[in-house]
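Asker: There's a structure below that I have some questions on.
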Amino acid sequence: MTLADIAKKLNLRVLCCTDRLDRVVSGGYVGDLLSDVIANSRAGDIWITRQSHRNIVAVASLKEHAAVILALGKEPDDETLEKATDEGVPLIVTNLSGFEVAGRIYELLTRS
Amino acid sequence: MPALKKYRCDLHIHTCLSPCADLDMYPRALVAGSIKAGLDVIGICDHNAAENAGYVMSAADGKGLTVLPGMEITSREEVHILSLFENVEPLYTLQKIVYEALPGVNDENVFGCQAIVNEHDEVEGVSEKLLIGSTTLSLETIVETVHDLGGIVIAAHVDRESFGIIGQLGFIPDTLSLDALEVSYRTNPAEFMKKFPELSRYPFITSSDAHRIEDIGRACTVLEIRQPTIEECLKAFGGSAGRRIVEP
């Protein structure tokens, strides 16, 4: 399943890198402790977080995540968005909670 | 100018204003505990609050113990940052900024009492703010604000996953102008740097993060400086003009 499919089905708001929505999402990870995300997430994951510091871009880039979802309508800091655009990391915002968006994506991925 | 001398410094101590600290940590008891622990300099860093710092300074007056008033601020990334000043005026300015950015009201049955106690052991009041919470201030804003006010900025207990900068953010952004990093009493800089060799560019201190009298001085930093001031501490962190961090 691609980022575009997920974004469309869950009505997510993509903030940058709309040219990269053909990326395939292979799994997901939820976490706000970036040390934990570095240690335990995998390449191809869609990462759901409430953290909006610009270090999330570096972590997503390092771990080759498909995208970062900011839950509960969390808007990224300006410099986070700028860095994500520069580094080609799609940033996505949803008004859903982390629990809900993770559940919905899990459902989509396991059904597909 | 005074000669270089070694000062034993515990720059991260809470008072009974912090909801998670013992009520026994009132200014006079805290000063007595610090002297008993053989300290020359202490830093008062309550969570997001400063109301007791001045009272600790008064309680230490004439006792040969220097008190640097400060605050342990929680950034919106949930990172704990220590700030230290030479006197309370800039700290009170910081307090205003922090309180405006700190939502919520404390429930002392859940989080603990936040007592403001003077140097005569009299309760002056309580802070109603949710001091255990996070401010809406970014890490970058906090560092800049404290520096503008003439204070020093130290990332607290960087070895701890919860509320430590590396646990929260994975690594330290290289654009952040931290004056030093603090490791907790659980480890030491040499041990810590085995895991994070890239952080050797920072000066390291260690402190007790005491929330109870008996924990005061369980870890401390020895600085060789001319006098216990913010400027001299910064020189020691930078290793300039003969000032240095002797331990850890």
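Asker: Quick check on the stretch B:195-210. Is at least one of its residues closer than 21 Å to B:CYS9 by Cα, surrounded by 23 or more Cβ atoms within 10 Å (Cβ to Cβ) and touching a helix residue (DSSP H, G or I) at 6+ places or on another chain (Cβ under 6 Å)?
Answerer: yes
Asker: Checking B:ALA115 against (1) surrounded by fewer than 23 Cβ atoms within 10 Å (Cβ to Cβ); (2) on the phi > 0 side of the Ramachandran plot; (3) in contact with a Phe, Trp or Tyr (Cβ under 9 Å, 6 or more places away or on another chain); (4) not charged (D, E, K, R), which test does it fail?
Answerer: Failing condition for B:ALA115: (2).
Asker: Exactly one condition in (1) surrounded by fewer than 21 Cβ atoms within 10 Å (Cβ to Cβ); (2) in contact with a Pro (Cβ under 7 Å, 6 or more places away or on another chain); (3) within 30 Å of A:GLN51 (Cα to Cα) is false for B:ALA50; which is it?
Answerer: Answer for B:ALA50: the failing condition is (1).
Asker: Mind listing just one residue for me: the one in the stretch B:152-165 that is surrounded by 23 or more Cβ atoms within 10 Å (Cβ to Cβ) and part of a loop (DSSP other than H, G, I, E, B) and, of those, nearest to the other protein chains (Cβ to nearest Cβ)?
Answerer: B:GLY164
Asker: With the checklist (1) more than 14 Å from chain A (Cβ to nearest Cβ); (2) under 15 Å from B:THR145 (Cα atoms); (3) assigned to a strand (DSSP E or B) in hand, flag the one item B:ILE81 doesn't pass.
Answerer: Here B:ILE81 meets the rest and fails (1).
Asker: Given the structure, is B:VAL67 modelled with pLDDT of 95 or more, more than 14 Å from every other protein chain (Cβ to nearest Cβ) and not in a strand (DSSP E or B)?
Answerer: no
Asker: Still on this model: Can you name every residue in the stretch B:106-149 that is touching an Asp or Glu at 6+ places or on another chain (Cβ under 6 Å) and either over 22 Å from B:TYR55 (Cβ atoms) or assigned to a helix (DSSP H, G or I) (or both)?
Answerer: B:SER134, B:LEU139
Asker: Here's a follow-up. State all residues of the stretch B:1-18 that are assigned to a loop (DSSP other than H, G, I, E, B) and at pLDDT 95 or above; if no residue qualifies, say none.
Answerer: Hits for the stretch B:1-18 are B:LEU4, B:HIS14, B:THR15, B:CYS16, B:LEU17, B:SER18.
Asker: Same structure, new question: If B:SER138 satisfies every condition in (1) of a type in the set (Gly, Ala, Ser); (2) surrounded by fewer than 21 Cβ atoms within 10 Å (Cβ to Cβ); (3) without any contact (Cβ under 8 Å) to a residue 60 or more places away in the chain but one, which is the exception?
Answerer: With respect to (1) of a type in the set (Gly, Ala, Ser); (2) surrounded by fewer than 21 Cβ atoms within 10 Å (Cβ to Cβ); (3) without any contact (Cβ under 8 Å) to a residue 60 or more places away in the chain, B:SER138 is out only on (3).
Asker: Something else now. Which of the residues belonging to the stretch B:163-184 are free of Cβ contacts under 8 Å to residues at least 40 places away in the same chain and over 12 Å from B:SER207 (Cβ atoms)?
Answerer: B:ILE166, B:GLY167, B:GLY170, B:PHE171, B:ILE172, B:PRO173, B:ASP174, B:THR175, B:LEU176, B:SER177, B:LEU178
The values are calculated or read from the model by the stated rules, or taken from the named source; none is laboratory data. A quick note: this is a predicted structure, and the numbers were derived from the prediction, not measured. When we count neighbours, we look across all protein chains shown, and the Cβ atoms used for this are built from the backbone with ideal geometry, even at glycine.
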